[in-house]
1. Report, in degrees rounded to the nearest 10, the 0 to 90 angle that the Cα long axis of helix 115-134 makes with the longest principal axis of the chain.
2. When the accessible area of the chain is computed with all protein chains present and a 1.4 Å probe, what percentage of it is carbon and sulfur?
3. Could you give the nm distance between label points at residue 136 and residue 223, where each point is 7 Å from its Cα heading toward the beta carbon?
4. In the structure shown, do any of 109/154; 134/185; 154/185; 8/102 have a Cα-Cα gap over 20 Å, and if so which?
5. Helix 67-76 versus the longest principal axis of the chain: what is the Cα-based angle in degrees, 0 to 90, to the nearest 10?
6. Sorted by average packing, counted as other Cβ atoms within 10 angstrom per residue and highest first, what order do 229-240, 173-184 take?
7. Rank by packing, highest mean first: peptides 56-65, 9-18, 91-100, with packing defined as the count of other Cβ atoms within 10 Å averaged across residues.
8. Any idea of the accessible area per residue across the range 1-136, 1.4 Å probe, to the nearest Å²?
Amino acid sequence: MDMILLVKSLIMGIVEGITEFLPISSTGHLILAGDLLNFLPDSKEKRDVYEIFIQLGAILAVVWEYRAKIGATVVGARRPGKERNLLWAVLIAFIPAAVLGKLFNEVIKAHLFKPVPVALAFIIGGLLILWAEKRQHRVRVETVDGISLLDALKIGFAQCLALIPGTSRSGATIIGGLFFGLSRKAATEFSFFLGIPTLTAASLYSMWKLRHALDAADAGIFAVGFVAAAISAFFAVRGLLRFISNHTFVAFAWYRIAFGLIVLFTAWSGLVQWTV
């Protein structure tokens, strides 16, 4: 087995795990990392299905971290109460991106899944985070259990912005939640819960479409990326929850802006031959 390819898969998995649930765009980082590493350059479809597969590893980390809460919500949803409300909120928030993603996913992939558009989305997203944090934040919803169905629907439409690579699904839902009156903890945890059906459905659908690109010979590469994504996502989720207990999202905003400017500079100067 090609050890260099396994190392590249390990790096890609770590990138996916760290960035999936932070407001910095996992899709954008994977596009840039894959381009920089020249990862699976001869098979665009295989690279696509690989990235989808390791995304499932990151989802597994959230399911494990919140297994008690998820189990209690599913069991408690059999009767009226906060558990049923949360389950309905997640399902309602899931619908807008599912519909728009089905309609526009192919067009977006054809035109925007490239480093320079991703870099621009990084910068714009960072500016939006700075704007969200600068404005006065009035908290109506302290915990994830207090989210109304209307709040969920609005966050669901905010999540649609993440169809643009580099925007960040987590960033769109978390910052959207802040705009709509959720506390940082409530917005972040709801983003985690919403990510489970959203990312799982998108991953399984895409893997089914690209099933012809699956090959048993690639099992080792896929396994390394999956495990790396799961482990790194687990620590990223825990780290984010600790971070937001005492900090704002401003640091992520400046990271996005700086990272986007570096990509644009390297593309303009020719230091890195990004795909454009």
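The values are calculated or read from the model by the stated rules, or taken from the named source; none is laboratory data. Predicted model only: the values in this text are computed from it and were never measured. Every residue, glycine among them, receives a Cβ derived from its backbone with ideal geometry; neighbour counts consider all protein chains shown. For accessibility, only protein heavy atoms count, side chains too; no ligands or nucleic acids. Shrake-Rupley method; radii C 1.70, N 1.55, O 1.52, S 1.80 Å.
1. That helix lies at roughly 20 degrees to the long axis.
2. 70
3. About 5.8 nm separates the two model spin labels.
4. 109/154; 8/102
5. Helix 67-76 and the main axis of the chain meet at about 50 degrees.
6. 173-184, 229-240
7. 9-18, 56-65, 91-100
8. Roughly 51 Å² per residue, with all protein chains present.
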